[in-house]
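The values are calculated or read from the model by the stated rules, or taken from the named source; none is laboratory data. No experiment lies behind these values; they were computed from the predicted model shown. Note that we place each Cβ from the backbone using ideal geometry, even for glycine, and neighbour counts take in every protein chain shown.
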Amino acid sequence: MSDCHTPSSNQASVVQAVAGVPTIALAGQPNMGKSTLFNLLTGLNQHVGNWPGKTIEKKEGFFKHNGREYHLVDLPGTYSLTANSPEEVIAREYILRQKPDLVLAVVSAANLERSLYLVSELAALPCRLVIALNMVDVAGQEGIEVDAGKLSTAVGVPVIPLVATHARGVDDLLQAIHMELQSPTQKERSMPDIRADHRQVRSDLEVLILPYLPPGYPPAWCALKLLEGDAEMQGLVRAAVPAGTSKQVDDILLKHDDAFLAIASGRYAWIESMLRTAVHGQRAGQISITDRLDRYATHPVSGLAILAGILGLVFWLTFTIGSPIQNALAKGVVVPLASMTGTLLAGAPFWLRGLVVDGLIGGVGSVLTFLPILMIFFGAFSLLEDVGYMARAAYVMDNFMHWMGLHGKSFLPLFLGFGCNVPAVLGTRTIESRQARLLTIILAPLVPCTARMAVLAFLTPAFFGPNAVIVSWGLILFSLVLLVVAGVILNRVLFKGERSAFVMELPLYHTPNLRTTGMLVWQRSLSFIKKAGTTILGISMIVWALSVLPNGNVETSYLASVGRALEPIGRWMGLDWRLTVALLTSFMAKENSIATLGVLFGGLTKAGLAQTISAAYSASTGLAFLTVSLLFIPCAATVAVIRQETGSWRWTFLNIGLMLALSVGIASGVYAIANAMGV
């Protein structure tokens, strides 16, 4: 098993390749267990950032085996090495330009046919290659047996069976990596070929482009990519070769525009030969566990009921486990700390005492108390994704997506919005249709992110007590229904009801990896704490300053003046100037609404914030505030990526205007109805 190794302080901020330390690139398609293996090897010794010039996440770290250190780079999950997405370009450019010492390809024994397509492309690159045959336990449950030895012989590279979720086979894998790196030569590999009628065409292209290719680009591979219609490769060649040669290349490609079919056929024929050699499939008529579960999970009716039930269960866990911890932190840490600090600073200038007690502890401290709630959200959604349910959720939602002219593929980035709307918007890059992509981006902020749900979880018990679960569940489901209705209307108005097709493969169910879930919860929680110590702290300080200037009285402060100027609009929703200001500050970060209320209410030394607010407002006002908070304009970071991904301020302001109109209009209606019903 790999040993833990803590990077030095300079490595902790930016992990870089070190002279003499072999670099291993971890490649694989989504849902193959690549992240599980990465977290298993590196543990906490990893750095998460973005690829240079990209918004795509980059993970890298160090681990040790038998006293030797290795540098591991987790490439973006990709189905192939054709430049159809930024992830695919990053993966192949890293292998070609950075030249890692070895590429470790993670494939699934339970879905080997799809897994091997990426391997068929990696085998053609000039890199050392080892295959990690993961999920052999899941394959066994499905009645599938893969002979790793025969597959290794057939491909010509080491193939190591693995169960990453239980760390089985990891030592064998690391030993195979060590042996492959020590080997002076590479074995001859079996590689896909194309039909005979296209082989000469590929050779002709090789001859034409060979003198002009940048270092590291294999001519045969580049010629193949040109024949596939790879836009990135075509652009590279056009920029490198003389005009006359470029015309010759274009003429050849024009005459053989069907070559991509021959190339794909060659790869699938290669995959079929590998499967015949090494795989023994299910017995005829055998019904797998996945098939039995999917009878219900993907059913049009029961599937929706299961999805709604899962969302309800997540909120039940939040209120049953997270809320008591949050209340204990508020009463046992924040309130006593504010009281003690106020006593210690009794002789200090009023501005210093107020800044620390009300601005720092009242603002940031209140936000940090719902960290347990966020951790439950993070953990629950990570487990659902790891077990394989998220693809089912996308499948079940496909019919609703079609009403909007979208398909289940749009549901995947939308579902990312439950974690954060920023990756939800960025995730739309996988959607081929520009109309579908734009519509998905516009709708993404309607998905309640964890920050909004944490605000919901923080305040709902205060206003509704034992009915908090039902109220929260209803508000979340309402926001999802609103998403569908808004999508239908926007599609018909903006895109004339256009629809797009959807093909999706559902992964097999498998046991989730608790280590991977724990790592994700740790990383996201740490990111939240950093945000609380930077963005939220800064906003809290500004809000506090505005709440005491110019004369130290919050009722006559600059903040009160702004709030009272907007209070007539807030009154439509039953909100006074304090709640209106809290809503406005949520633009920078949704958690700021709680931080702002923590600053504005001076009773934290006597009671928790939630209790103070519940005593100040009626349940109808509380319901309206929760509604408008859930639907209010997206945070500043989300607005920035909407502008980046749409390339247009017009679409960005359309989104802001839509969210503002919906949030204020619906919250006003909710308040009026709740008041009429005597809530």
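The figures follow:
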{"quantity": "Residues of the stretch 575-597 that turn out to be among the basic types (Lys, Arg) and closer than 21 Å to PHE418 by Cα, as a count", "calculated": "1"}
{"quantity": "Boolean, SER339 is more than 26 Å from the chain's Cα centre (by Cα), in contact (Cβ under 8 Å) with a residue 24 or more places away in the chain and surrounded by fewer than 16 Cβ atoms within 10 Å (Cβ to Cβ)", "calculated": "yes"}
{"quantity": "Residue match in the stretch 485-494 (condition: at pLDDT below 70, in the same structural domain as GLY388 (by TED's automatic domain parsing) and loosely packed, with under 14 Cβ neighbours inside 10 Å)", "calculated": "no"}
{"quantity": "Given (1) surrounded by fewer than 20 Cβ atoms within 10 Å (Cβ to Cβ); (2) modelled with pLDDT under 75, index of the condition VAL548 fails", "calculated": "(1)"}
{"quantity": "Some residue of the stretch 417-438 being of a type in the set (Phe, Trp, Tyr) and at pLDDT 80 or above", "calculated": "no"}
{"quantity": "Hits in the stretch 184-225 (condition: over 39 Å from the mean Cα position of the chain (by Cα) and acidic (Asp, Glu))", "calculated": "ASP197, ASP204, GLU206"}
{"quantity": "Evaluation of ALA610 against (1) surrounded by 17 or more Cβ atoms within 10 Å (Cβ to Cβ); (2) modelled with pLDDT of 75 or more (one fails), failing number", "calculated": "(2)"}
{"quantity": "Any chance LYS64 is part of a strand (DSSP E or B), free of Cβ contacts under 8 Å to residues at least 24 places away in the same chain and either in the same structural domain as LEU173 (by TED's automatic domain parsing) or closer than 22 Å to TYR268 by Cα (or both)", "calculated": "no"}
{"quantity": "Selection status of LEU360, more than 19 Å from PRO512 (Cβ to Cβ) and modelled with pLDDT under 75", "calculated": "yes"}
{"quantity": "Answer from SER265, SER302 - the residue that is among the hydroxyl-bearing types (Ser, Thr, Tyr) and free of Cβ contacts under 8 Å to residues at least 60 places away in the same chain", "calculated": "SER302"}
{"quantity": "Contacts under 7 angstrom Cβ, first residue in the stretch 246-261 being free of Cβ contacts under 8 Å to residues at least 24 places away in the same chain and surrounded by 14 or more Cβ atoms within 10 Å (Cβ to Cβ), partner assigned to a helix (DSSP H, G or I) and not aliphatic (A, V, I, L, M), 6 or more apart", "calculated": "SER246/ARG238"}
{"quantity": "Residues satisfying the stated conditions in the stretch 126-138, i.e. out of contact with any His (no Cβ under 8 Å at 6 or more places or on another chain) and crowded, with 18+ Cβ neighbours inside 10 Å", "calculated": "ARG128, LEU129, VAL130, ILE131, ALA132, LEU133, ASN134, VAL136"}
{"quantity": "Residue under evaluation ARG515, criteria (1) surrounded by fewer than 17 Cβ atoms within 10 Å (Cβ to Cβ); (2) closer than 22 Å to LEU307 by Cα; (3) modelled with pLDDT of 70 or more, criterion not met", "calculated": "(2)"}
{"quantity": "Some residue of the stretch 459-469 being outside any loop (DSSP other than H, G, I, E, B), at pLDDT below 85, crowded, with 16+ Cβ neighbours inside 10 Å and within 20 Å of the chain's Cα centre (by Cα)", "calculated": "no"}
{"quantity": "Enumeration of residues in the stretch 204-223 that are of a type outside the set (Phe, Trp, Tyr), more than 27 Å from THR23 (Cα to Cα) and touching a residue at least 12 places away in the same chain (Cβ under 8 Å)", "calculated": "ASP204, LEU205, GLU206, LEU208, ILE209, ALA223"}
{"quantity": "Enumeration of residues in the stretch 176-233 that are surrounded by fewer than 13 Cβ atoms within 10 Å (Cβ to Cβ) and of a type in the set (Val, Ile, Thr)", "calculated": "THR185, VAL207"}
{"quantity": "Which listed residue, of ALA154, ALA167, is at negative phi and either in contact (Cβ under 8 Å) with a residue 60 or more places away in the chain or crowded, with 18+ Cβ neighbours inside 10 Å (or both)", "calculated": "ALA154"}
{"quantity": "Hits in the stretch 396-407 - residues which are at pLDDT below 75, surrounded by 21 or more Cβ atoms within 10 Å (Cβ to Cβ) and in a helix (DSSP H, G or I)", "calculated": "MET401"}
